[in-house]
Amino acid sequence: MHFSLSGILPSRRLLSICTLASILATFIPAAARSSHHAEHMRVASADQQTRQKIIDSLEVELSRLSTPEDSVTTLFNIYDLAVQPRKIEYGKQLAATACRAGKSWMTFDVLRNIANNNQRNVDILDEVLEMVKRYPESEDRDNTITFIRILRNSSLAKAAATTDERVARIQELVREASATPPKSLGDRIVLLHALCLHLSELSEGDLLADYLHKLGEMIEETSSDNHALRNVYYVWASMIYTKVGQRTLAIQTCRNLLDEIDALDKRNEDIGRIYRCYDANRYIVYTRLLENYEELDPSEVDLYYNEAMRMAKSDPRAAATYAKAPLPSIYRAFYKKNYRKAFELIDSCKSDPYLDSRKLQLTKMYIGAATAIGNHQALLEAYPAYARMLEEELDSRQNERYRELQVLYDVNEIKLENLKLREEEQLARKQMWRTVTIVCVGLLLALGVFIFFLLRMGRRKAMMANRLKIANKNLRNESRELRETRDKLEIARDAARRADNLKTDFINNMSHEVKVPLQAMSEYSQMILENVDDEHKKYLSTFAERLTLNCELVNTIVNDVLQLAELHNSTLRIKEKPYSLLPICETSADAVRRKLHPGVTLSVIADKGDMIIRTDRHRLIQILVNLLSNAAKFTENGEITLRLDTTEDGSQVVFTVTDTGVGIDPCNKDTIFERFSKLDNSVPGAGIGLTISRMLAELMGGTLILDTAYTEGARFVLSLPNRA
């Protein structure tokens with residue numbers, strides 16, 4: 001593993017606000033969250049004596065439970081209410097009980113929580129790490145070990161007090177990563193995390209951001225339920241990306257962190273863990289999102305501000321933070337260009353020690369607001385302090401840049417050492433090639449013996465030459481016959497081309513002659529319906545709708561036939577541009593919903609969120625609408641699902657359309673893609689929709705197949721290249 005700056009992937013497409021809202025509504029029912037939240041707020045605002053009374057009542061309840069499985073939820077609630085040092089004792093008891101109940105994920109969850117609450121105490125971290133290692137090997141166990149080792153990195157990094165010590169440690173880590181990179185993913189994550197930690201203490205420049213991005217890619221390779229490790233990374237990365245000005249990455253990281261918090265809330269709700277709430281954490285994330293307001297649109301700014309205010313009103317810790325530093329209101333006021341309000345807010349809190357780390361940022365905003373409202377007195381007072389801050393910041397940046405260059409120099413020195421090692425390896429290879437040459441000489445001698453035997457076989461070759469002459473004569477006769485056959489085939493081919501051109505002209509003329517009357521019929525039916533009285537309108541509307549539907553059906557068939565001709569003649573062109581896939585899926589689903597049978601649901605699922613690829617939007621929608629319409633025809637009960645995903649290596653984007661309809665016999669997996677092929681003649685359509693869809697998919701560089709392993713209905717799989 002070589003930690004180089006090349007190969008850093010661009011950030012993914014940010015999730016839309018609608019998508020975030022739909023995910024939240026899907027995973028956390030409003031009533032359940034409200035009840036959970038209210039109980040948490042009641043306890044959070046209570047004093048320690050009240051909390052102890054709740055713990056006592058829970059311990060009485062615990063004494064009445066007889067099995068470990070019944071006890072884990074109550075122990076979780078006691079653990080969430082307890083304070084140090086009893087919290088550690090309850091945590092160990094909970095871990096052992098969850099293990100006896102066969103719920104290993106709970107065991108590792110509480111052990112990670114104990115470590116996180118004591119991340120500055122190396123002794124406790126080492127103790128918890130040894131406890132985790134005693135459990136049987138599993139993916140969750142390995143992720144927990146990686147998580148605790150990362151916490152130890154943070155604690156140990158504080159011990160390296162001087163710059164020279166940090167530079168020496170960075171050199172050691174880079175040498176280890178370059179010369180003998182760890183084999184396991186967890187070890188590589190811990191190593192790169194340690195490198196990023198020490199770099200962050202020296203400089204918060206682009207070098208740190210690049211290494212941090214690489215660390216994020218490694219963490220994404222772990223299992224999707226590895227929430228603890230992702231949370232630690234997202235919290236840290238969002239701060240770093242914000243400081244170095246990479247706002248797009250900072251926003252995406254914050255959104256990922258919100259997703260992780262929602263997943264944790266959902267899991268706590270499922271197990272009845274009512275005293276654990278992350279609203280204070282959400283408040284911080286929403287504040288950081290608003291801090292990057294320059295990359296947000298108005299709806300996003302309003303959404304994040306409203307959520308932050310809701311947290312500040314309901315959560316005591318968030319309320320206390322907002323009281324000292326009303327940052328969400330400041331950022332929103334600046335975004336809305338309400339400079340007077342921004343000036344007043346900053347003026348009210350600028351001297352609070354809590355905001356010392358943001359003093360330069362707030363002073364700059366203060367000067368901007370004062371300039372906008374014409375407050376010259378405030379400007380005269382602020383400019384000298386701002387100049388001193390800029391000078392200090394400049395000196396700090398210069399020192400950071402110097403240290404960063406020093407690190408880069410050291411990294412290059414290590415690379416030179418590696419080059420020398422490679423040269424030594426090349427010398428060893430040359431020696432090996434000498435040995436190979438000797439072996440080759442021996443093989444040449446063996447080859448000489450083999451040639452001797454070939455000469456003996458030359459006589460047999462002469463005998464076969466006579467037979468070859470006879471065969472050549474026969475071949476010449478057959479060649480003459482083939483030329484005559486070819487001439488006949490060329491004549492037949494030209495005739496077929498002329499017939500095909502006549503067919504194309506006929507189809508084009510017929511499409512015009514059919515589509516115009518169809519449009520007139522549909523419009524006249526609506527005119528008739530609009531001009532009859534209300535008494536007959538309800539009666540005639542049914543027939544008008546049927547007439548319009550049948551006109552659309554015939555028009556669709558005509559368009560399909562025309563497009564099939566274009567595809568057959570290779571005249572259809574694909575126009576690729578970067579497009580966001582999730583809106584395309586939603587548009588395709590909306591176009592088909594009116595065709596669904598009563599009671600049938602149609603949903604769009606994107607497990608990995610939205611993504612952008614180069615594709616032809618119109619043709620992709622056409623394929624998806626064809627597949628969804630086909631599913632709607634044959635699904636009278638149940639559901640239809642359009643899922644957006646990628647392959648494991650990320651090279652392909654995969655769309656799956658799954659229904660619970662009548663299904664398709666696997667023996668017909670190729671027949672259904674043939675032209676004018678219909679398995680059920682009673683269903684409307686010309687039988688060319690799937691044919692066109694497959695031809696379009698192949699024209700776009702992808703594939704369209706029937707998943708014969710799915711037996712609950714029918715499932716079609718569309719794969720397209722993941723080209724950015």
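Summary of values
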read-out	value
Likely footprinting exposure, His213, His193, His597, fewest C-beta neighbours within 10 Å first	His597, His213, His193
Two-decimal Rg/Rh across the stretch 427-503, once Rg and the Kirkwood Rh are taken from alpha-carbon atoms	1.49
Label-reachable residues, the stretch 630-654, where backbone N falls under 13 Å from a point 7 Å from Ser224's Cα toward its Cβ	643-648
Extension gain from Asn306 to Arg64, taking 0.36 nm per residue of separation minus the Cα-Cα distance	82.7 nm
At R0 = 30 Å, FRET efficiency that the Cβ-Cβ distance of Arg614 and Asn668 yields, to 0.05	0.35
Gain on full stretching of the segment that runs from Glu344 to Gln361 - 0.36 nm per residue minus C-alpha separation	4.6 nm
Label-to-label distance, nm, for residues given as Tyr710 and Gln52 (7 Å Cα→Cβ offset)	5.9
Under 5 Å, built H, 5+ apart or other chain: amide partners of Gln652	Thr647, Asn722
Fewest-first sequence of Asp610, Asp225 by Cβ atoms within 10 Å of each Cβ	Asp225, Asp610
Normalised alpha carbon radius of gyration of the stretch 280-374 [divisor 2.2 N^0.38 Å]	1.01
For peptides 688-695, 119-126, sequence by mean Cβ density within 10 Å, most packed first	688-695, 119-126
Two-site FRET efficiency, Glu424 against Val449, from Cβ-Cβ distance with R₀ of 41 Å, rounded to 0.05	0.55
Computed E for Ser184/Asp487 - FRET, C-beta separation, R0 51 angstrom, nearest 0.05	0.15
Residue pairs, from the table Lys595/Lys669; Lys243/Lys341; Lys133/Lys183; Lys53/Lys350; Lys266/Lys608; Lys313/Lys336, whose Cα atoms sit over 29 Å apart	Lys53/Lys350
Chain lengthening between Glu391 and Arg317 when straightened (0.36 nm per residue, less Cα-Cα)	23.1 nm
Sorted by Cβ density within 10 Å, fewest first, the residues Val604, Val654, Val110	Val654, Val604, Val110
Assigned charges on the beta-carbon of Lys, Arg, Asp, Glu; the stretch 577-721 dipole about Cα centre (debye)	560
Most to least packed among 276-285, 657-666 [average Cβ atoms within 10 Å]	276-285, 657-666
Hydrodynamic radius of the stretch 577-721 per Kirkwood, over alpha carbon pairs, in Å	15.3
Leu379-Arg434 pseudo-label distance in nm [points 7 Å out on the Cα-to-Cβ vector]	8.0
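Laboratory data are not the source of any read-out in this text; all were calculated from the coordinates shown. Just so you know, these numbers come straight off a predicted model, no measurement behind them. All Cβ positions, glycine included, derive from the backbone under ideal geometry; neighbour counts span all protein chains shown.
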